[in-house]
Amino acid sequence: MPMFVDTSPPGQCIFCRLVAGEIPSATVYEDDHTIAFMDIGQVTPGHVLVATKRHAATLFDTTPAEAAAVMQTARRVALAVRATFDPAGLTLLQANGAEGGQTVGHVHMHVVPRHADDGITFTWPRQEPPAEVLAGYAQRLRAAL
Ligand code: 5GP
Ligand code: ZN
């Protein structure tokens, strides 16, 4: 799994510097809570990142309003990506922690246009535990909400 490549303090990380205009970006959209810009590592043409403007390391550090704004911006960008690049499909990806696949420690959502045979693969080690195990997981989660 990748390690964080950027664990700079708030205001000094690469996306904070991008938000502040200290490093260049190809910006697509911005509002009070979010900024959308082209990922420097285009997995497919039209690959956009939606980041919070305020430094939050992961989803767990966002406010409800920031989390909602990221999804709303991702939806707007997804519609623009569909209109512009006409992909066969589209994947949203939001990674948290090195083990979750995050490499930049400032929360962001990938908007990735998808095409047949685009080379993107996910390993999804599906398991099917018994119903009572699922019920136990759900009970524990309900208690944590
Ligand atoms: P993660 O692996 O954390 O989900 O995604 C981080 C993404 O940030 C990567 O896809 C990488 O290409 C992108 N990225 C890293 N540094 C920069 C940068 O300076 N500018 C832009 N536009 N994207 C960046
Ligand atoms: Zn930051």
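The values are calculated or read from the model by the stated rules, or taken from the named source; none is laboratory data. Keep in mind that what you see is a predicted model, and the values were worked out from it rather than measured. All Cβ positions, even for glycine, are placed from backbone atoms using ideal geometry, and neighbour counts span all protein chains on display. Note: accessible area is taken over every heavy atom of the protein model, side chains too, but ligands, DNA and RNA are not part of it. Shrake-Rupley method; radii C 1.70, N 1.55, O 1.52, S 1.80 Å.
Which is farthest toward the positive dipole end of the chain among Tyr137, Ala78, Phe122, measuring Cα position about the Cα centre, with Cβ charges +1 (Lys, Arg) and -1 (Asp, Glu)?
Value computed over the given set: Tyr137.
So, with +1 on the Cβ of K and R and -1 on the Cβ of D and E, and no other charges, what is the size of the charge dipole of the chain about its Cα centre, to the nearest 20 debye? Could the numbers behind the result be given before it?
Values: 10 positive and 14 negative charges, 51 e Å.
The dipole magnitude comes to about 240 debye.
Relative contact order for the chain: what is it in percent, counting Cα pairs under 8 Å that are at least 6 residues apart?
Worked out over the chain, it gives 28 percent.
Which value, to two decimals, describes the C-alpha radius of gyration of the chain once divided by 2.2 N^0.38 Å?
1.16
With the chain treated as a Gaussian network of Cα nodes joined by springs under 10 Å, which of Pro113, Pro130, Pro24 yields the largest mean-square fluctuation?
Pro130
Of all DSSP beta bridges in the chain, what percent run antiparallel (nearest 5)? Mind dumping the intermediate values first?
Details: 17 of 18 bridges.
Of those bridges, close to 95 percent are antiparallel.
Consider just the alpha-carbon atoms of segment 57-141 and return their Rg together with their Dmax, both in angstrom.
When restricted to the Cα atoms of segment 57-141, Rg and Dmax are 16.4, 46 Å.
Could you work out how far helix 131-144 tilts from the main Cα principal axis of the chain, as a 0 to 90 degree angle to the nearest 10?
Helix 131-144 sits roughly 50 degrees off the main axis of the chain.
Might you tell me the accessible area per residue for the chain, computed with a 1.4 Å probe and given in Å²?
Here the residues of the chain average 64 Å² of exposed surface.
How much of the accessible area of segment 1-143, probe 1.4 Å, is carbon plus sulfur, in whole percent?
Roughly 58 percent of what the probe reaches on segment 1-143 is carbon or sulfur.
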